[in-house]
1. One quarter of the convex hull surface, Cα atoms only: what value does that give for segment 2-79 in nm²?
2. Skipping prolines and chain starts, which residues have an amide H placed within reach, meaning under 5 Å, of the one on Tyr209, given they are 5 or more residues away or on another chain?
3. Count the DSSP beta bridges whose two residues both fall in the chain, then state the antiparallel fraction as a percent rounded to the nearest 5.
4. Using θ = phi - 60° and the Karplus curve 6.51 cos²θ - 1.76 cosθ + 1.60, what whole-Hz ³J(HN,Hα) does each residue of segment 93-102 get, with Gly and Pro shown as x?
5. Convert 37 °C to kelvin, take the viscosity as 0.692 mPa s, use the Kirkwood radius over C-alpha pairs of segment 112-198 as Rh, and evaluate the Stokes-Einstein diffusion coefficient in µm²/s, rounded to a whole number.
6. Could you rank Lys35, Lys131 by how accessible they are, 1.4 Å probe, largest area first?
7. I need the semi-axes of the equivalent ellipsoid of the chain: take the C-alpha gyration tensor, multiply each eigenvalue by 5, square-root it, list largest first in whole angstrom.
8. Out of all DSSP beta bridges in segment 2-79, what portion is antiparallel? Express it as a percent rounded to 5.
Amino acid sequence: MIRLHHVPQSRSFRILWLLNEIGADFTLVPQRFDKSLRDPAFLAISPAGRVPALDIDGRTMFESGAMAEYLAESRAPHLSRPIGHPERADYLEWLHFGETIGQHLANLTQHHLMLRDDHMRSPTVMRLEAKRLAICLDAVAAQAGQGYLLANGFSAADIQCGYGLALGQRFTLLSDAARAYLARLEQRAAFVRALAQDGPPLIYTQPFYPPPNV
Ligand SMILES: N[C@@H](CCC(=O)N[C@@H](CS)C(=O)NCC(=O)O)C(=O)O
């Protein structure tokens, strides 16, 4: 049985969404976004104490990009692009571009939500990170055009980057093209199912966190 260690609204949503695209049998193991992620028992699963973590095929994985590749290759080849496929390099590139987006989302989340006092925050970094995020999301939207990231159709790469768009709209205004692409993703039945399974929104409670003016 596949078990997904999951925190609502976090990067584990990617894997939740992918498992739904695959139609896999799985169990959600709820985790909390607090010090419990640093418990020795959880660190034995995920060495940096992060989610997602995935119990699968007798081992545990702790990087969402690796999980996405492994799940697609082993359970849903139509969501992957195998070695030798003309879209293989693009597939890997965009799948892992999800974490270029992820680093900006993590910085913005820390600044807007985790640092409690104003003197801990850097308005310069907050503005800069919002701009750097916007550049990434524009690149994704340009690549997707009127369809998905790869000409031959939806793949795990759309999930890795699509999560970035879904969350990124809380920190930067999406272009029309980015909003249209996100709308296509959100219409997918597996996305809708995953959203229903995600759990109550405990991290991001505002639809938008504007960059500071000062
Ligand atoms: N590159 C990793 C990043 C995982 C990650 O940082 N997850 C965040 C949630 S989105 C987390 O667990 N943060 C908890 C912490 O940093 O303590 C992946 O894509 O799986």
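The values are calculated or read from the model by the stated rules, or taken from the named source; none is laboratory data. For clarity, every value in this text was computed on a predicted model and none was experimentally measured. SASA here: full protein model, heavy atoms, side chains in, ligands and nucleic acids out. Shrake-Rupley method; radii C 1.70, N 1.55, O 1.52, S 1.80 Å.
1. Working: hull surface 18.8 nm².
Approximately 4.7 nm², given one-decimal rounding.
2. Here Phe171 satisfy the definition.
3. 55
4. 4, 6, 4, 7, 4, x, 7, 5, 5, x
5. The estimated diffusion coefficient comes to 232 µm²/s.
6. In descending accessible area the options line up as Lys35, Lys131.
7. Computed over the chain, the values are 26, 23, 15 Å.
8. DSSP beta bridges in segment 2-79 are roughly 55 percent antiparallel.
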